[in-house]
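Let me begin by presenting the structure, written as structure tokens, before commenting on it.
The values are calculated or read from the model by the stated rules, or taken from the named source; none is laboratory data. Predicted model, so just to flag it, every value in this text is computed and none were measured. FYI the Cβ positions are ideal-geometry reconstructions off the backbone, even for glycines, and counts take in every protein chain you see. Calculation scope for accessible area: heavy atoms of the full protein, side chains included, ligands and nucleic acids excluded. Shrake-Rupley method; radii C 1.70, N 1.55, O 1.52, S 1.80 Å.
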Amino acid sequence: MAGSGTAHLRPVDEVVLRVEDLTVEFPASGGRKVHAVTGVSFDVAKGETLGIVGESGCGKSTTGKAIMRLVPITSGTVTFNGNEISSLSGNKLRELRQELQMIFQDPVSSINPRRTIGDVVTEPLDIWNRTDGAEELVDRVLSDVGLDPQVARPKRRHEFSGGQCQRICIARSLVLDPEVIICDEPVSALDVSVQAQILNLLEDMKERYGLTLVFIAHDLAVVKNVSDRVAVMYLGKICEIASPDDLYYRPAHPYSAALLTAIPLPDPDVVPNTGDLAGDLPSPMAPPSGCRFRTRCARATDRCAAEEPIVRQVGDDHFVACHFPLVGEVAPPSTSAVRVATSS
Amino acid sequence: MARRIIAADGGHEGAPLLEITDLRTHFLTPHGRVRAVDGVTFTLERGRTLGIVGESGSGKTVLSRSIMGLLPRSNVERTGSIRYEGTEISDYSQAEMRSVWGPQMAMIFQDPMTSLNPVMRIGRQITESLRYHLDMDKAEAKDLAVSLLKSVGIPEPDKRFKEYPHQLSGGMRQRVVIAIALACGPKLLMADEPTTALDVTVQAQILNLLDAQQRERFMAMILVTHDLGVVAGRAHDIAVMYAGQIVEKASAKTLFSGMRMPYTEALLESIPKLEYRSHTRLASIPGRPPSLVNPPKGCMFAARCRYVQEQCLEEKPQLIEGDTPDHQYRCFFPVGTDAGREALERNLAEGRVPQTDDVEVAITAPGGAK
């Protein structure tokens, strides 16, 4: 869309987390602004995994951090279990974070190198004075994530590999028994074999702890694997929201289609695509008018520059913000980009 | 006087472009000898692309740096032979290597930000090697640099010529790094994870660019990556590395259609595929690569292998020839053979599975981990 709109939102009582018209702007030199996230709306139902996918600079991490209130929200609302949380501060905000936890991209740098793993995982409990049975709880969480508590507790982070550090970070976020965990690129720093271990572990933990996940990543294949619903973001806006299988078989937004073809497939018989998507992401300080994707879109017309597309439904649980989507009621102006949709 | 030794020599007619024999790079650390690269042998012909695939710490980066002569000065032991156009270059000094870097071999590194000089205009960074190696004057070098920038797909090359790296995006920076590497017309391009730091859409652009440049210049390329997807459609041959050794090597087609090494199979299976339905459980490889200081007695992959048998724990498998002449692998019970099938059945029947993740002290190889 790179556009706005709320057609894809579900009733408030069906969702755990609801983000409406979220805008995050950062001040830049010369009185300019970085439009990191602009008018983003989405919701997450209980027990669901929402995947957010996009290139670097599309605002996906900022969105995650804004929900956690780690960056200031410029405008818009975040509702958690029916309570508005975007205006909380001080102790109220701290209390909220027991329910909302986050896992970061670099597992090694998010663990204090001077403290033992036992301390690192116990600290959230200490903060909330939940000392009764804390030791057993930490042991249980550590063994749930696949580490031997007796061995792991006295060690420090340098004695663990990247995958094991990510397990520790997951244990730390689970120890308070949160309702929602926001995973910001949890596997992009890991090897592919370890990535599979961590993705499987997240699925297991989601089941065991009854979690709702927001899974942010740039790898569409990874996001597709873990998600129940996927939101594609581009330059601070949402392009498309759909179920992962639908998004893969019938991408409606030209950007989603381009993302899909850019993924290198481990198959020598597939001729690598020779570039649908030219150019770079435009500057978020001066985003293009109308549809933000139009500068790189093969299907863009004058209408895309003049008028911002609004989210609309193009299928069962499939929403897109595009004037000329690859599926739906409007006939495509050209066929050049359609091969993507049929190549599956 | 050390300049252009190889060019003057003219190379030996008929010799392959690059011939590596039993290359070993060991780091001497307080923990012991880290065998980062341990007996690698391969040959690369002109105009071919070799993909080197492996996990972090498998030695693929150390291998490419060993070939380029870019290892730390102390506490390193490099043995084995590196023949470039028939000339032995493994005993070249840094000064002698300077004649090789640029016109003969060039390298692209993973992180385009740190491989450019932040306080030097990008034009100067490209013309530097042109003026040194090709004795060009300032105007000639500038013209060539601008046309290089244009050929790697940088818009407004005249304007970019005068800019600094921070003014460019990540993808543009990597294009500049490629322009620098291509400047002196190398016959061999080493690309060490050239797209790992980039977005998937930019990755496709950069890989297409490398492809086009390689064909245009009839350059040989070594593409080092951890992603089997990156090399699948783009490399002629693929070498899979594990714990400092090549464990399987074949043409891309043979490797994907008839892989023999259980590690290659496991690596491919652990990649989430787009055509899988969501929530498909991924086949992960249990455990971690072995210590390179005290390598296991038998097969390096034995502790994580589904096909493991007694023999694997006791004996080291050698690199053996497969059904086709260009296919080599290191396994007693190869995937897709009767021996492999029986081994797997026996393991399943006896409930023998490789040990899963346990906590142990990790020793990382200096320079080995990226």
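If we keep just the residues of the stretch B:196-211 that are polar (S, T, N, Q) and at the interface with chain A (Cβ under 9 Å from one of its Cβ atoms), which is farthest from the chain's Cα centre (by Cα)?
Among those residues, the one meeting the criterion is B:Thr201.
Which of the residues spanning the stretch B:123-157 are closer than 27 Å to A:Leu277 by Cβ and touching a Lys or Arg at 6+ places or on another chain (Cβ under 8 Å)?
Selection gives B:Leu149, B:Val152, B:Gly153, B:Ile154, B:Pro157.
When residues of the stretch B:212-223 are filtered for being within 14 Å of chain A (Cβ to nearest Cβ) and within 10 Å of the chain's Cα centre (by Cα), how many remain?
1
Which ones in the stretch A:151-174 are among the basic types (Lys, Arg), open to solvent by 40 Å² or more (accessible area, probe 1.4 Å) and in a helix (DSSP H, G or I)?
Result: A:Arg157, A:Arg172.
Within the set of pairs 6+ apart or on separate chains, which have a first residue in the stretch A:229-240 that is within 14 Å of A:Leu260 (Cα to Cα), a second that is surrounded by fewer than 24 Cβ atoms within 10 Å (Cβ to Cβ) and among the aliphatic types (A, V, I, L, M), and C-beta atoms under 6 Å apart?
Filtered contacts from the stretch A:229-240: no entries.
Yes/no matrix, rows are residues, columns are (1) on the phi < 0 side of the Ramachandran plot; (2) assigned to a helix (DSSP H, G or I):
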site	(1), (2)
B:Ala139	yes, yes
B:Leu144	yes, yes
B:Gly153	no, no
B:Asp158	yes, yes
B:Met172	yes, yes
B:Val176	yes, yes
B:Met190	yes, no
B:Ala197	yes, no
B:Ile206	yes, yes
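Out of A:Val16, A:Val44, A:Val34, A:Val40, report the one residue that is within 21 Å of A:Pro309 (Cβ to Cβ) and surrounded by 13 or more Cβ atoms within 10 Å (Cβ to Cβ).
Of A:Val16, A:Val44, A:Val34, A:Val40, the one residue that is within 21 Å of A:Pro309 (Cβ to Cβ) and surrounded by 13 or more Cβ atoms within 10 Å (Cβ to Cβ) is A:Val40.
Take the stretch A:288-301 and flag every residue that is more than 14 Å from chain B (Cβ to nearest Cβ) and assigned to a helix (DSSP H, G or I).
If the condition is that a residue be more than 14 Å from chain B (Cβ to nearest Cβ) and assigned to a helix (DSSP H, G or I), then A:Arg294 is the only one that fits.
Which of the residues belonging to the stretch A:264-287 are in contact with a helix residue (DSSP H, G or I) (Cβ under 6 Å, 6 or more places away or on another chain) and in contact (Cβ under 8 Å) with a residue 40 or more places away in the chain?
A:Asp276, A:Pro282
Only residues that are under 19 Å from A:Gly163 (Cα atoms), among the β-branched types (Val, Ile, Thr) and open to solvent by less than 40 Å² (accessible area, probe 1.4 Å): list them for the stretch A:102-132, please.
Within the stretch A:102-132, A:Ile103, A:Ile111, A:Thr116, A:Ile117, A:Val120, A:Val121 meet the criteria.
Could you tell me whether any residue of the stretch B:55-67 is more than 20 Å from B:Thr196 (Cα to Cα) and buried (at least 16 other Cβ atoms within 10 Å of the Cβ)?
yes
A:Asp317 - would you say it is open to solvent by 50 Å² or more (accessible area, probe 1.4 Å), within 8 Å of chain B (Cβ to nearest Cβ) and in contact with a strand residue (DSSP E or B) (Cβ under 9 Å, 6 or more places away or on another chain)?
no
B:Ala95 is checked against (1) in contact (Cβ under 8 Å) with a residue 60 or more places away in the chain; (2) open to solvent by 40 Å² or more (accessible area, probe 1.4 Å); (3) in a loop (DSSP other than H, G, I, E, B) and fails just one. What number does that condition carry?
With (1) in contact (Cβ under 8 Å) with a residue 60 or more places away in the chain; (2) open to solvent by 40 Å² or more (accessible area, probe 1.4 Å); (3) in a loop (DSSP other than H, G, I, E, B) applied to B:Ala95, the lone miss is (3).
For the structure I just gave you, tell me whether B:Gln174 is within 13 Å of another protein chain (Cβ to nearest Cβ), at pLDDT 90 or above and under 17 Å from B:Met113 (Cα atoms).
So B:Gln174 fits the description; yes.
What's the number of the only condition in (1) surrounded by fewer than 20 Cβ atoms within 10 Å (Cβ to Cβ); (2) within 12 Å of chain A (Cβ to nearest Cβ); (3) more than 25 Å from B:Asp338 (Cβ to Cβ); (4) not polar (S, T, N, Q) that B:Pro295 fails to meet?
(2)
Does the stretch B:30-54 hold any residues that are open to solvent by 30 Å² or more (accessible area, probe 1.4 Å) and assigned to a strand (DSSP E or B), and which are they?
Correct list: B:Arg33, B:Arg35, B:Thr41, B:Thr43.
For A:Cys304, only one of the following conditions fails: (1) more than 14 Å from chain B (Cβ to nearest Cβ); (2) touching a residue at least 40 places away in the same chain (Cβ under 8 Å). What is its number?
Only one criterion is unmet by A:Cys304, namely (2).
State whether one or more residues within the stretch B:237-252 are touching a residue at least 24 places away in the same chain (Cβ under 8 Å), outside any strand (DSSP E or B), closer than 21 Å to B:Ser58 by Cβ and more than 8 Å from chain A (Cβ to nearest Cβ).
Yes; the residues of the stretch B:237-252 include at least one that is touching a residue at least 24 places away in the same chain (Cβ under 8 Å), outside any strand (DSSP E or B), closer than 21 Å to B:Ser58 by Cβ and more than 8 Å from chain A (Cβ to nearest Cβ).
Consider only pairs whose beta carbons are under 7 Å apart and that are at least six residues apart or on different chains; among these, list those whose first residue lies in the stretch B:277-290 and is facing chain A (nearest Cβ under 7 Å) and closer than 12 Å to B:Arg306 by Cα and whose second residue is modelled with pLDDT under 85 and open to solvent by less than 30 Å² (accessible area, probe 1.4 Å).
So the pair list comes out as B:Ser284/A:Ser193; B:Ile285/A:Ser193.
Give the stretch A:133-150 a look and list any residue that's open to solvent by less than 50 Å² (accessible area, probe 1.4 Å) and either in a helix (DSSP H, G or I) or more than 9 Å from chain B (Cβ to nearest Cβ) (or both), or say none.
Matches in the stretch A:133-150: A:Gly133, A:Ala134, A:Leu137, A:Val138, A:Asp139, A:Val141, A:Leu142, A:Asp144, A:Val145, A:Pro149.
Restricting attention to the stretch A:79-100, does a residue exist that is more than 25 Å from B:Leu198 (Cα to Cα) and aromatic (Phe, Trp, Tyr)?
Looking through the stretch A:79-100, at least one residue is more than 25 Å from B:Leu198 (Cα to Cα) and aromatic (Phe, Trp, Tyr).
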